[in-house]
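A.B. asks: Right, I'll just put the structure down here and ask away after.
What follows draws every value from the coordinates through simple rules; no lab data is involved. Values in this document were obtained by computation on a predicted structure and should not be read as measured data. Note that each Cβ is placed from the backbone with ideal geometry, even for glycine, and that neighbours are counted across all protein chains shown.
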Amino acid sequence: MSRFTEFRFKAATTFQRRIGNPVTRRLPFHTLLETTGRTSGLPRVTPLGGRRIGNEFWLVSEFGEKSQYVRNIKANPTVRVRVGGRWHVGTAHLLPDDDPIARLRTLPKVNSTGVRTLGTNLLTVRVDLEG
């Protein structure tokens, strides 16, 4: 990983952890992903962008397997997603063979622009929602 890429990753994740996530987690209709901490076993809530299509929720991780929520999904794919203020249980699937740039074109534009701009290792994630 280049120095610039590493700097971009550290800057973005520091901002998200300290400022962005604490604020957006409190917004009543912001989309949230809840995973189970791979070490702690505690719920971990991450604000993100994506789109529900039928019984699936699609998103693109900007840092791929370096993202903490992706690492949690690898350890336990059972997740919850809050969409439109309602929580849904589902099973997350990492899709490294999917084209994340093409996928971003189908997702909300504001978030997709940020993911494309800051992202260093894009990874598509599909959550199959129950019921």
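A.B. asks: Quick one: net charge around residue 129, please, counting Lys, Arg +1 and Asp, Glu -1 for every other residue with C-beta under 15 Å from its C-beta.
C.D. replies: Local net charge: +2.
A.B. asks: Taking the Cα centre of the range 28-129 as origin, sum charge times position over the Cβ atoms of Lys and Arg (+1) and Asp and Glu (-1), and report the length of that vector in debye to the nearest 20.
C.D. replies: Magnitude of the dipole: close to 260 debye.
A.B. asks: A follow-up question, please. Quick query: amide H of residue 37 versus all other amide H atoms, modeled in the peptide plane; which residues come in under 5 Å with a sequence gap of 5 or more or a different chain?
C.D. replies: 42, 44
A.B. asks: Starting from the Cα gyration tensor of the range 40-126, take the square roots of the eigenvalues, sort them a ≥ b ≥ c, and report rounded, prolate or oblate (rounded when a/c is under 1.5, otherwise prolate if a/b is larger than b/c, else oblate).
C.D. replies: Oblate shape, in that a/c is at least 1.5 and b/c is the bigger or equal ratio.
A.B. asks: Let me ask something additional. Simple spin-label model, 7 Å along Cα-to-Cβ: residue 53 to residue 102 in nm?
C.D. replies: Computed distance between label sites residue 53 and residue 102 equals 1.1 nm.
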